[in-house]
1. Do we find a residue being closer than 30 Å to PRO209 by Cα, at pLDDT 95 or above and outside any helix (DSSP H, G or I) anywhere in the range 65-73?
2. Starting from residues that are among the small types (Gly, Ala, Ser) and out of contact with any Gly (no Cβ under 7 Å at 6 or more places or on another chain), keep the ones in the range 94-135 and report whichever is modelled with the highest pLDDT.
3. Here are the criteria: (1) more than 20 Å from PRO14 (Cβ to Cβ); (2) buried (at least 16 other Cβ atoms within 10 Å of the Cβ); (3) aromatic (Phe, Trp, Tyr). Tell me which single one TRP97 does not satisfy.
4. Any idea which of LEU243, LEU257, LEU238 is within 21 Å of PRO228 (Cβ to Cβ), buried (at least 17 other Cβ atoms within 10 Å of the Cβ), at pLDDT 95 or above and not aromatic (Phe, Trp, Tyr)?
5. Determine whether ALA156 is farther than 16 Å from PHE239 by Cα, of a type outside the set (D, E, K, R), outside any strand (DSSP E or B) and in contact with a Gly (Cβ under 8 Å, 6 or more places away or on another chain).
6. Among the residues of the range 205-230, how many are among the hydroxyl-bearing types (Ser, Thr, Tyr) and at pLDDT below 90?
7. Would you call GLY41 surrounded by fewer than 16 Cβ atoms within 10 Å (Cβ to Cβ), at pLDDT below 95 and not basic (Lys, Arg)?
Amino acid sequence: MDGMHYEGIIIRPPSEAESILLQVTVGCSHNKCTFCGTYKGVRFRIKDDSVIDADIRYAAMHFPFLHRVFITDGDALILPQRRLVRILSRIREEMPWVRRVGLYGNAKSILRKTREELEELRELGLGIVYMGLESGDGRVLEEVRKGVPPERIVQAGRRVRESGVKLSVTAILGLGGRRRSLEHARATGEALSAMDPNYVGVLTLMVLPNTEMGRSIEEGRFELISMPELLRELREMLFHTQLSRGLFFANHASNYLPLKVRMPGDKEKALATIDAALEGRISLRPEWMRAL
């Protein structure tokens, strides 16, 4: 065997850079979001147990120094409970040194699991679920074809938290365009507050030409906002985000102003930093350094 069986594009959260990447699904079970070009033309499927088992054995032999596993692709939580239990059990048997398993879960797949099922997965090593909120504004979610309203995403986030699994939620600056900018920011802060995740990761919309949104921009149906407007959106979102304890990151490579805010203590200082950037007293990340 000459390595892990990877197919297509493998994506992972920045915080999983030091993790073993175990691909159990190919593509994304939803794959309709207008802003995402990652899995275009890829039909979603679950890989065979024999391939997954071979990859777990390979990882056990070659990566004993890595203590985290991240299960890919776009939505591994869609797997039936029995299969997820089997995969987590195999990871535990073959790699007892692994301290945490993480995966992406969308609201639909989370809500198909009971709290008890999520607790069972936690006991087998699932430590964190990464979920995309993108926006708390129902109109924005409808326009980008997220497939679920914000109330359902909040419900899913709460279910993860209640099961004792850590929750990391992403939101996207600029997703409402110019028309819904501040409504998007405010509603997103409120939805994040309602979920109270352990981590919030704020990205800035960077549109690829092969996406539906890319075509909307070309045809003048969607208007991207300027850098000062993005900063105002970030300020509005943070202002309306109340976390009991958690980290609010806006340090992704796509962001102009990298921020890491320990909530609730650092919030006021972070708002003052954004104000300083808006007034030109802090230099921002140059355009050529920004990336998806």
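The values are calculated or read from the model by the stated rules, or taken from the named source; none is laboratory data. From a predicted model like this one, the values you see are computed outputs, not experimental measurements. Reconstructed Cβ throughout: ideal geometry from the backbone, glycine too, with neighbour counts over all protein chains shown.
1. Within the range 65-73, one or more residues are closer than 30 Å to PRO209 by Cα, at pLDDT 95 or above and outside any helix (DSSP H, G or I).
2. So the residue we want is GLY125.
3. Of (1) more than 20 Å from PRO14 (Cβ to Cβ); (2) buried (at least 16 other Cβ atoms within 10 Å of the Cβ); (3) aromatic (Phe, Trp, Tyr), only one is false for TRP97: (2).
4. LEU238 is the lone residue from the list that is within 21 Å of PRO228 (Cβ to Cβ), buried (at least 17 other Cβ atoms within 10 Å of the Cβ), at pLDDT 95 or above and not aromatic (Phe, Trp, Tyr).
5. For ALA156, the condition - farther than 16 Å from PHE239 by Cα, of a type outside the set (D, E, K, R), outside any strand (DSSP E or B) and in contact with a Gly (Cβ under 8 Å, 6 or more places away or on another chain) - is met.
6. 2
7. yes
Residue-wise test of (1) touching a His at 6+ places or on another chain (Cβ under 8 Å); (2) hydrophobic (A, V, I, L, M, F, W, C).
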| site | (1), (2) |
| --- | --- |
| PRO96 | no, no |
| GLY102 | no, no |
| ILE110 | no, yes |
| GLU117 | no, no |
| ASP137 | yes, no |
| VAL144 | no, yes |
| VAL148 | no, yes |
| LYS166 | no, no |
| GLY176 | yes, no |
